[in-house]
1. Would you mind calculating the gained length between GLU175 and THR419 on full extension (0.36 nm times residue separation, minus the Cα-Cα distance), in nm to one decimal?
2. Could you check the simple spin-label distance between ALA321 and ASP19, using points 7 Å along Cα→Cβ, in nm with one decimal?
3. What whole-number value in cubic angstrom gives the convex hull volume per residue for the C-alpha atoms of the chain?
4. Multiplying the sequence separation of THR263 and LEU2 by 0.36 nm and subtracting their Cα-Cα distance, what value in nm do you get?
5. I'd like the distance between the alpha-carbon centres of the stretch 36-95 and the stretch 220-276, rounded to an integer number of Å.
6. Output needed: percent of Cα pairs per 5 Å distance bin for the stretch 1-55, bins running from 0 to the one holding the longest distance.
7. Would you tally the net charge around ILE426, using a Cβ to Cβ cut-off of less than 12 Å, leaving ILE426 out, and scoring K and R as +1, D and E as -1?
8. Using +1 at the Cβ of each Lys and Arg and -1 at the Cβ of each Asp and Glu in the stretch 220-307, identify which of LEU269, ALA307, LEU286 lies farthest towards the dipole's positive end.
Amino acid sequence: MLPQEIVRLKRDGGTLNPDHIQLFVNGITDGGVTEGQVAALAMAIFFRGLSIDERVALTLAMRDSGDVLDWSDIEAPIVDKHSTGGVGDNVSLMLAPALAVCGAAVPMISGRGLGHTGGTLDKLESIPGYTAKPDNTLFRKVVKEVGCAIIGQTANLAPADKRFYGIRDVTATVESIDLITASILSKKLAAGLETLVLDVKWGTGAFMGSYEEAKALAESLVLVANGAGLKTTALLTDMNESLASAAGNAVEVQNAVDFLKGTHIDNRLWDVTVAIGGEALATAGLAANPEEGRANMSRAFESGEAAEVFGRMVTALGGPADFMDKPEVYLPKAPLEVPVYAPEAGIVTKVDARTVGVAVVELGGGRTAPEDEVDPAVGIINIAGVGTTVDSDNPIGIIHAQNEDQVRRAQDVLLSAYTVGEASEIAEFDTVRDRIAK
Ligand code: URA
């Protein structure tokens, strides 16, 4: 069948069978279908949608467009999580080592930040010597010997998605739950996972702003992942304010080290990390149920074992051997640290988390285009959460910047993210609001 006939079928509201989808995805991978045809199919899907079976077929075809990692030489369950992205979301840094302590093998392939959201890879690259792109031998060795390795994509995973996403990005067709589902899951399936937990965020700092949209995405992801043979559950978590009290790169690594060592733990971050871990352990059969999984996660943190595993992972991937003892010596630090005060004293009633992320981008800690470099040293710490008192002694955050100009710009943006008033004006949201299982 010609590519244009496949486009026509979907344009007219028809159903694509697995052969149509395979043929088209082959063409995306080998260049046999043109950019115009890919864009046209994306737009047809945007308006007409895909059934769950069509989404499964698209996911599997894109998974098979490149390498599929094989972990059969490792006995432990192969586990990972995926977050739809947020601000101050450094969960992966604590989650991966704690899951390893609890018996999972965690080959975590992470991405870079784009727009207002941070990326795990950018954060880890602020550790001197850390090899975010190890060769396959080192990646496998670290997963085997340490239990987890957080790295960037090295193998040729789901190249069809790479081309498809690039075209969607410039044709206003990213915001399709059906296409997002296949895009995310094709990469996770290509990583050779056995179980997956999705952290689907909703709120002012999330990709899906409304709870209803986030829930629809979570349901689609869970149905399609399980349909494609990957045991998956999802949690819907609140992204109406920064998750950690730090947002940036080195500052979020420092926050993660403090969490792992138990010297400073942000409550909401703890709740999300332990909840995701509990789900992951139960799904992988390493705990009888999520509740037991959460208890195991808590023990992995409280015993200091997760901190020890994180330190071993950093060293195995080229970072300093004594990183956990003195992270402040190794992490880059910006020369200016400037507290930002609210114009009037009161209680933080609302935060536009997206705007907090934009303030980090203003500082150079995030990207506006994929090829941008990020500055690992800049960011914001002591970020005031909803319900916190802010006044002339208690800032809404402390900006880490390279120069005064950055401070001025980031300060204006940060202030605009905050609404200060009275406690009665606060809308309360559960940090973990819902769980979606098949
Ligand atoms: N992230 C992805 O990997 N793919 C999408 O389509 C959207 C977000």
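1. Between GLU175 and THR419, full extension yields 85.0 nm more.
2. Simple spin-label model gives 6.2 nm for this pair.
3. Once divided by residue count, the hull of the chain is 135 Å³.
4. 87.8 nm
5. 19
6. 4, 22, 35, 27, 11, 1
7. Taking every Cβ under 12 Å from that of ILE426, the sum is -3.
8. LEU286
We did not get these values from a lab; they are worked out from the coordinates using the rules stated. None of the values given here were measured: they were computed from a predicted structure. All Cβ positions, even for glycine, are placed from backbone atoms using ideal geometry, and neighbour counts span all protein chains on display.
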